[in-house]
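Written out below as structure tokens is the structure these notes cover.
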Amino acid sequence: MHARYLSKEIKEIEQQAQEYWGQQQSFKATPQEGRAKFYCLSMFPYPSGRLHMGHVRNYTIGDVIARFQRMQGKNVLQPMGWDAFGLPAENAALANGVPPAKWTYDNIDYMRRQLKSLGFAIDWTRELATCKPDYYKWNQWLFLRMLSEGIAYKKTGIVNWDPVDQTVLANEQVIDGRGWRTGALVEKREIPMYYLAITKYAEELLADLEKLPDWPERVRAMQANWIGKSVGVRFAFPYSVEGKRENLWVFTTRADTMMGVTFCAVAAEHPLATYVAARSPEIAAFVEECRRGTVMEADLATIEKKGIATGLTVTHPLTGEQIPVWIGNYVLMGYGEGAVMAVPAHDERDFHFATQYGLPIKQVIQVPGESFSVDRWQEWYADKTRGRCVNSGIYDGLDFGGAVNAIAADLKSKGLGDKQVMWRLRDWGISRQRYWGCPIPIIHCGACGDVPVPEEDLPVVLPEDCVPDGTGNPLNKRADFVNCRCPKCGKEARRETDTMDTFVDSSWYYARFCSLPVAAGRVDAMVTDESGYWMPVDQYIGGIEHAILHLLYSRFWWKVMRDLKLVRGDEPFERLLTQGMVLNEIFFRKPATGRIAYFNPSDVEFKLDEKGNRIGAILKSDGQAVDSGGIGTMSKSKNNGVDPQALIEQYGADTARLFMMFAAPPEMTLEWSDSGVQGAYRFLRRLWDFGLRLHREWFIGDAGVAPIRPQPPYDWSNASEAQKEIRRKLHGLLRQATDDINKKQFNTVVSAAMQMLNLLAGGFPGQSGDGWKEAETLGSVRQHILAEGTGILLRVLAPIVPHITHVLWQELQYSAEYGADILTAPWPQVDQAALEQASIEMVVQVNGKLRARVIVPAQASEEAVRAAALADEAVARHVEGKSVKKVVVVPGRLVNIVVAG
RNA sequence: GCCCGAGUGGCGGAAUUGGUAGACGCAAGGGACUUAAAAUCCCUCGAUCGCAAGGUCGUGCCGGUUCGAUUCCGGCCUCGGGCACCA
């Protein structure tokens, strides 16, 4: 056994444990019928280069859960893979000239080593990477199935266009409305794209949230809002143009305000806008202006609301009034009909627009007791729960529901509209004009049109030697990729060069992991029968930032696979844990001219006052002050990242894991703290020293004392009161740790373990002198408590710090009691008998304020407790001269005496 | 702008889910050991009044329900996540 717990020895300990697991193939998972399975999955990483702290946190949480489930006797699968397609690889290629494929594979190799050094209980035989043809073949295969099922289809979509580089930009590449490399003003451009009809599943995606009680409430709420079911009315404003009768269709959830319509607004891309733009340079200029800027909703929502009158009018379908039509930059073509009715009196956005352009405001809803004024917007104008119709002719006096029903019925009878369910959710555009992604398996033939690649020709393999240069998709320049023959007519044809959104890759990887061919290196099916054993994922763990898109797309994809009879079950993820982000302090200096310089927190030192309060910070290298920018997520741009590699090398994987688990509960943000890491390391060193002392007592012996390992069954019959108290505390802590690990509140599991060690390694009743050196009977109660308690402590810590507990478990020979391997040792049981107490302490309050504590027998009646409380001297002092109105007794906890006067 | 969270000592956080606010850890201060430093061990540690016993205040802010509120309700403020081409 090692003498010290220092970095050299940590490496040996961790290596010893990891080699043992490797030799035993401890983490290789195979289906075992009749045994409860547990599929524990953490969101797979993008191979960006090196692990970051978010990864370490994510995978440690998953690993703790996986290891705990093993100790519960479950058959556990925990796989790992790589979300390997994506934009950063192309950016790296731009910067270094390295092909994205090579960059990605190199990163995977490095990061795999890092993950292995952290000792995660991963079945590496199932590893996959989404950029490999045997994976993305099935993206293509399922896409073609969706195409034939009518779920995948083609239509135009709007993208960010950089006019200088002649390339499509991701939202991320648009900075303040300009291209990131060229600085050119970005334009919107319409191009043909493939879409997946996720809206066909909207109803089920919404309803099935009910089937996910073990998902965080907030994630379900976010998804429900995202899907955004609303019941409203779709109706038409008739109009004539060049003698032809047309309808301007709109959708509204506030049909009750329809009598207050004073104008309509259409999106700049709306056909009506295109029509008038062709006839008016002024309007064309406005439409052109709307085309500039990004397609990001967050930006669109905050831009200045602008509009222009088209000069056209439409007819109000109920009143026959002529309503002017405007073009508004805030109307989204992609949502609803691309046109809206405007009711300035009862919609805040319309109100401000009308005020700005001097359009009429007509009140048609009144809330009793309120007064309406066109000068100022008030919240109640839009309150559909309290209002009644006014100035609305035959609808006057109706409430929201009544008015909507009546108006919808009248529109229906005129053939101009009806009630309709509307979804906020839009179909999923998957075409990307980018190289490093899964090719869309379509061939464009001059004669036959868009022809799907025949199944036997899959996969369409992406060439791995392209180097993007920032001007469009390099695949377009690859004749060997583009030129092909039409599968239908055999004539020369062009291969589609768009690739798929990387969200496609991550929408089904969880199923691929538990598909036997992956493990066996076979590629002949998308998923196989083995998924029937492992799926659904019992526990999914990942960042809260994926709460909507990734999780919604995955749920959709799974339902499509289900409907294609590839898998069974309605939902892929049974339980979900969304971890918080990892934050660190931000320090910077802002020079009088030039850019802000950010400094890594490890290069900054604090100035403290005499109480230890921070009063400033200086840069270590020059001793000059730096400004604090508060706390933020670790990022390159803020230069506040901490490299996990340095941490692992200095303190070891167990310290990194322990700190991560102790610093905050999994769902909360975690603030980085160097001294917190040292605290974790200090604890492990104390644990090691404690183990070392036990080892000497049990197996080596001291002067005059022969070594004897205490053996079960342990015997408490001669325990003193003080020793019983130790066991009571120990089992109380075990009960707490067990509750907490089941709740996945790992920080308090660590806290309980720390208290256990304090209890066992601290002063100890039954020892004389300093205890460790003095002679004593090894069959003593004290030794039995130490043996029992250490066995409990090691198992409580095993999921969190697996290396050190593995070695101590073997060195202290717990194998004989609970099995050779702490990995599969049963989670310790609470001894209920140890928890029993003869007397308990109860808190006494007077009018809710703590005034005394009394010791009463555990079985004392309520009467007796009340009497004991009132008899207490301190209580008497506060009750004296006042009348007792009421006494509340909470059994086993407290007494509250309510007095008056 | 819209949707979803979070706010507790100098700091990270705990509180048996309506019942002792501040567990556990970090930082800080004091002491022991040491030639010294590191490491380790012991003590103190929300604010305030008081020699003390003890009192008062205190969980972002304002109000409410309750014998009792960090916990439940209403209204604000601040910070964080997402907003469909970052993953």
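The values are calculated or read from the model by the stated rules, or taken from the named source; none is laboratory data. Keep in mind that this is a model prediction, so the values were computed, not measured. Don't worry about glycine lacking a Cβ; one is built from the backbone with ideal geometry, like all the others, and counts go over all protein chains shown. Side chains included, ligands, DNA and RNA excluded: accessible areas come from the protein's heavy atoms. Shrake-Rupley method; radii C 1.70, N 1.55, O 1.52, S 1.80 Å.
Here are the numbers for this structure:
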item	result
Whichever residue in segment A:421-447 is outside any loop (DSSP other than H, G, I, E, B) and open to solvent by 40 Å² or more (accessible area, probe 1.4 Å) and, among such residues, is farthest from A:LYS229 (Cα to Cα)	A:HIS444
Those residues of segment A:712-732 which are away from RNA strand B (no atom under 16 Å from the Cβ), in contact (Cβ under 8 Å) with a residue 40 or more places away in the chain and not basic (Lys, Arg), in sequence order	A:PRO712, A:TYR714, A:ASP715, A:TRP716, A:ASN718, A:ALA719, A:SER720, A:ALA722, A:GLN723
Any chance A:SER431 is within 16 Å of RNA strand B (Cβ to nearest atom), without any contact (Cβ under 8 Å) to a residue 60 or more places away in the chain and polar (S, T, N, Q)	no
Filter pass, A:ALA277 being free of Cβ contacts under 8 Å to residues at least 24 places away in the same chain, surrounded by 19 or more Cβ atoms within 10 Å (Cβ to Cβ) and hydrophobic (A, V, I, L, M, F, W, C)	yes
All positions within segment A:136-177 that are at positive phi and exposed (fewer than 13 other Cβ atoms within 10 Å of the Cβ)	A:GLY150, A:GLN166, A:ASP176
Cβ pairs under 6 Å, 6+ apart, first in segment A:667-689 and more than 30 Å from A:LEU812 (Cβ to Cβ), second more than 8 Å from RNA strand B (Cβ to nearest atom) and of a type in the set (Val, Ile, Thr)	A:LEU670/A:VAL582; A:TRP672/A:VAL642
Residue in segment A:359-376 that is closer than 30 Å to A:GLN223 by Cβ, open to solvent by 30 Å² or more (accessible area, probe 1.4 Å) and either in contact with a strand residue (DSSP E or B) (Cβ under 9 Å, 6 or more places away or on another chain) or in contact (Cβ under 8 Å) with a residue 24 or more places away in the chain (or both) present	no
For A:ASN329: the one exception among (1) free of Cβ contacts under 8 Å to residues at least 40 places away in the same chain; (2) under 12 Å from A:ALA265 (Cβ atoms); (3) polar (S, T, N, Q)	(1)
Residues located in segment A:262-271, provided they are more than 42 Å from the chain's Cα centre (by Cα) and open to solvent by less than 10 Å² (accessible area, probe 1.4 Å)	A:PHE263
Residues being within 13 Å of RNA strand B (Cβ to nearest atom), surrounded by fewer than 21 Cβ atoms within 10 Å (Cβ to Cβ) and among the aliphatic types (A, V, I, L, M) - total across segment A:57-101	1
Test: residue in segment A:219-236 that is buried (at least 16 other Cβ atoms within 10 Å of the Cβ), assigned to a loop (DSSP other than H, G, I, E, B), charged (D, E, K, R) and within 16 Å of RNA strand B (Cβ to nearest atom)	no
Residue in segment A:192-213 that is in a loop (DSSP other than H, G, I, E, B) and in contact with a helix residue (DSSP H, G or I) (Cβ under 7 Å, 6 or more places away or on another chain) present	yes
Filtered residues of segment A:191-202 (kept if touching a strand residue (DSSP E or B) at 6+ places or on another chain (Cβ under 8 Å) and open to solvent by 20 Å² or more (accessible area, probe 1.4 Å))	A:ILE191, A:PRO192, A:TYR195, A:THR199
Residue list for segment A:387-405, filter: surrounded by 14 or more Cβ atoms within 10 Å (Cβ to Cβ) and more than 42 Å from the chain's Cα centre (by Cα)	A:ARG388, A:CYS389, A:VAL390, A:ASN391, A:SER392, A:TYR395, A:ASP396, A:LEU398
Flag for A:GLY594 being within 30 Å of A:TYR59 (Cα to Cα), of a type in the set (Gly, Ala, Ser) and free of Cβ contacts under 8 Å to residues at least 60 places away in the same chain	no
Hits in segment A:734-753 - residues which are within 8 Å of RNA strand B (Cβ to nearest atom), in contact (Cβ under 8 Å) with a residue 40 or more places away in the chain and open to solvent by 40 Å² or more (accessible area, probe 1.4 Å)	A:GLN745
Wholly enclosed helices (runs of 4 or more DSSP H) of segment A:786-901 bearing at least 1 residues within 25 Å of A:PHE662 (Cβ to Cβ), open to solvent by less than 50 Å² (accessible area, probe 1.4 Å) and away from RNA strand B (no atom under 14 Å from the Cβ)	A:802-811
